[in-house]
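The values are calculated or read from the model by the stated rules, or taken from the named source; none is laboratory data. Note that the coordinates shown come from a computational prediction; the quantities given were computed from them, not determined experimentally. Cβ: placed from backbone, ideal geometry, glycine included. Neighbour counts: every protein chain shown.
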Amino acid sequence: MDHKEETINSMMKLIQHRGPNIDGCGNFTDSKVAMGFVRLSVIDLKSGAQPLYNEDNSILVTFNGEIYNYQSLRKELINTGHDFKTATDTEVLLHGYEEWGMAGTLKRIRGMFAYFIYDTNKQAMYGARDFFGIKPLYYYLQGETFIVGSEIKSFMRQPNFKMELNKRAVKPYLMNQYNDLKETLFKNVYRFPAGHWFEYSNGHLTTHKYWDAQYNIDDNRSEEEVIDQIDKTVTESVKLHNIADVKVGSFLSEGVDSSYVTSVLKPQEVFSVNFANGPFDEASVAKELADENGLNFNVETVDAKEAFDDFPEMQYHLDEPDANPSVVPLWYLCRLARRKVTVALSGEGADELFAGYVNYGMHSKNDTIKSIASRLHNLPEKKRQRAAKIIKKMPNFPGKTQLYTWAAEPSDYYTGESWIYDPTQPSIFTSNQANLVLQGDYQNNLTINSIYQDDFGKVKDVDDVKQMQYIDLHHFMFSDILQKADKISMAHSLELRVPFLDRKVAEVANNIPTKMLLNKNGSKQAFRKAALRHLPEDFAKRPKLGFPVPVKDWLEEEEYCDQVRDLFEESWVNEIFNQRQILRLLQDNYEGKINGRRQIWTIYTFLVWYKLFFIDFDNTVKKYGHVQPEVQALMDSGKLV
């Protein structure tokens, strides 16, 4: 085995959890390129090994994801003379490149994907990432070294990769609870953008945009026509997302999004998670829907000790720290699902596409405040801006947030889901607060809102809510929700599919007038009415809860507060954080003087992650670099697919 093949195999081993099917894994090396692939078999279980080659072996492809409309494209390509060796969706990408090129293929496909094509004739590498960034894709380009792949941890086995903390990204992480820069927390490692493809040849990387959200509002439709269109498109997408040669299940909470997916899909197995002594009981409500549809309901209850014990492994798999507490229940949900299915459907994306977040303007339930805010919003631009400035300077009062946000331009104030516009609720760090807890080398003048400005510039001519939806789609969804959805599910060798994040569903959603989605009756109104065609009325009207996690209770228990304190007190922490400040923050929260749980959890998450990757990475790999026990059991029994 030559050095290059040895390197690519060691890189593949670090992501073996993404594809533990040994028969489907493979690599390719020549004088310039080394490509490796690990496979989770979902379609054509027997003959889908990768890399996959064209008829004369001059072009090859490796592909992570699913193409949901591959069957019709396959027929089209066969009719133009292409010979197919397999029944996989992968081969559609290969022959599609030959027939239509990268741009032409990407215009035709629907799915989630990150794939590479190496054309030996042109001595060029091509790659693409799906429309929303459902499937991860990272790259490192320094001199003649170009590394690209699904997980950053695999880069660390490439001899030319220099592992270094990106100090500039630490503060944005603290403000968001995830890193929202294009450059990751690893210096010179970048996220490849969603909706783009690249060409790499002669040492040069060229990127091309092939898709982005467009807002062409159609005001001529009735509400009933809009509801019809939503339901038709969502139903079609759910059915396409059910194409597989393995068992498919779905996640189910008490919220409308997963309930809508489950009620259309009607899988045999559905999965939910609860917390011991948690603030809400989602499972019992979800079970009602499962029972009503005759579905087998699986639930797991998680306690604090288990969550703290497993938390480092979660952060290892995420590559970058993510302090969104929903990482924790998602871990156990995926573990539970993998015991019975290989693929699970989930409800991510509905809030971003159909205006489901409170921060889009539903900050008050008071009808008088709503009425005044609406009148402010309809003022001429100069008067509206003047009113916003006056309201901003006023002392806090009930309804101030609603009035200000409806008068101001989103580009002046919007900070996504990172800041809750409610003085009674805990927030993450503001720019100034983040600088106060960081050492000098990590301080900078970045704010959340400043990071959004380039994207605000792309949608300045659409209405305010659509602007905020666009920001969340390209930031919160892209950098947080989809990262954890992929990494946590694939840590368990489980493929997670998200039918709301389909290009056709997005095109329908983006053309709906905001007034049909967000109005005095609440959020996602037309979407909820579409869901009513499949759900009991109380399910379609349920408010958004997310994944309620009892972090507040955990940090008020001595055992877990001490566990966090032990990490905060380690000597190396003072190189990054003002140790005295963060220990005071922890103690004040424990004593009930402040509600600092989001800030504490964000720091704790970062330190857990940093210790894994920068203090002792080799031992981290020894501990966590394996497939999960439930997957290993399937492998040992010969039942893994």
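Here are some notes:
- Residues of region 69-124 that turn out to be surrounded by 18 or more Cβ atoms within 10 Å (Cβ to Cβ), of a type in the set (A, V, I, L, M) and at pLDDT below 95, as a count: 0
- Looking at region 331-413, none of the helices (runs of 4 or more DSSP H) lying wholly inside it contains 1 or more residues that are touching a residue at least 60 places away in the same chain (Cβ under 8 Å) and touching a Cys at 6+ places or on another chain (Cβ under 9 Å).
- Which numbered condition Lys623 fails, given (1) within 26 Å of the chain's Cα centre (by Cα); (2) surrounded by 15 or more Cβ atoms within 10 Å (Cβ to Cβ); (3) assigned to a helix (DSSP H, G or I): (2)
- Every residue from region 308-357 that is surrounded by 23 or more Cβ atoms within 10 Å (Cβ to Cβ), of a type in the set (Phe, Trp, Tyr) and touching a Leu at 6+ places or on another chain (Cβ under 7 Å): Phe354
- Residue pairs whose Cβ atoms lie under 7 Å apart, sitting 6 or more positions apart in sequence or on different chains, and linking a residue in region 451-462 that is without any contact (Cβ under 8 Å) to a residue 60 or more places away in the chain to a partner that is of a type in the set (A, V, I, L, M), are Tyr452/Ile471; Asp455/Ile471; Phe456/Ile471.
- Only one entry of Ala509, Ala485 meets the criterion of being small (Gly, Ala, Ser), in contact (Cβ under 8 Å) with a residue 60 or more places away in the chain, under 30 Å from Asn378 (Cβ atoms) and assigned to a helix (DSSP H, G or I), and that entry is Ala509.
- The condition (being of a type outside the set (Ser, Thr, Tyr), under 28 Å from Arg110 (Cα atoms), assigned by TED's automatic domain parsing to the domain that holds Leu94 and in contact with a His (Cβ under 9 Å, 6 or more places away or on another chain)) is satisfied by just one residue among Asp130, Asp180: Asp180.
- Unmet criterion (only one of (1) farther than 27 Å from Leu353 by Cα; (2) of a type in the set (Val, Ile, Thr); (3) within 25 Å of the chain's Cα centre (by Cα)) for Thr105: (1)
- Flag for Gly195 being farther than 30 Å from Ile600 by Cβ, in the same structural domain as Asn69 (by TED's automatic domain parsing) and either surrounded by 22 or more Cβ atoms within 10 Å (Cβ to Cβ) or modelled with pLDDT of 95 or more (or both): yes
- Look at (1) in a helix (DSSP H, G or I); (2) touching a Phe, Trp or Tyr at 6+ places or on another chain (Cβ under 9 Å); (3) at pLDDT below 90 and you find that Phe37 fails only one, number (1).
- Verdict on Glu557 being surrounded by fewer than 22 Cβ atoms within 10 Å (Cβ to Cβ) and closer than 28 Å to Phe113 by Cβ: no
- Put simply, of Val573, Val564, Val631 the only residue that is among the β-branched types (Val, Ile, Thr) and either surrounded by fewer than 17 Cβ atoms within 10 Å (Cβ to Cβ) or closer than 20 Å to His17 by Cβ (or both) is Val631.
- Only one entry of Ser493, Ser479 meets the criterion of being touching a residue at least 60 places away in the same chain (Cβ under 8 Å) and either on the phi > 0 side of the Ramachandran plot or charged (D, E, K, R) (or both), and that entry is Ser493.
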